[in-house]
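Below you'll find the structure, written out as structure tokens, and then a few comments.
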Amino acid sequence: VTIGALSLGLGVDYAVHFTTRLEEEAEHNPFGKVEEWVSKSTATTGRAMAGAALTTAGGFAVLNLSALLPLRLFGQAFVVAIILALLSSLIILPALYAPFLKRTAAKAQQESY
């Protein structure tokens with residue numbers, strides 16, 4: 001239970017950052033396509049998220065040097081959880097969030113008139 005709650009707490013940050021960036025792209029370019037918004041968001045925020053995830057996973061990977069088996073398993077579980085959170089934020093989130101992005105872009109179009 002503890003690992004699940006902590007993994008969720010660590011992983012939700014990636015989704016929040018990427019969602020915010022996707023919304024910014026949709027608002028700044030309301031006539032663009034979802035693919036453009038996702039590619040620009042991935043090129044900017046996605047790169048920063050990958051760096052943050054790798055350093056965080058590296059910090060937990062150090063626990064593999066411990067002599068205590070539970071501590072090693074704890075570190076391994078978090079490395080996997082962080083990598084999965086990053087991948088799901090970069091791959092699954094844009095696919096699920098696309099309809100909402102189109103609504104955000106439509107609102108931005110209406111406000112610009």
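Results, tabulated for the structure shown:
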| item | result |
| --- | --- |
| Convex hull volume of segment 2-112 per residue (C-alpha atoms, cubic angstrom) | 80 Å³ |
| At R0 = 41 Å, FRET efficiency that the Cβ-Cβ distance of Leu84 and Glu111 yields, to 0.05 | 0.65 |
| Simple spin-label estimate for Leu71 and Ala48 in nanometres, 7 Å along Cα-Cβ | 3.4 nm |
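Any read-out appearing in this document is the output of simple, stated calculations on the displayed coordinates, not a laboratory observation. Values in this document were obtained by computation on a predicted structure and should not be read as measured data. Ideal geometry is used to build each Cβ from the backbone, glycine not excepted, and the neighbour counts take in all protein chains shown.
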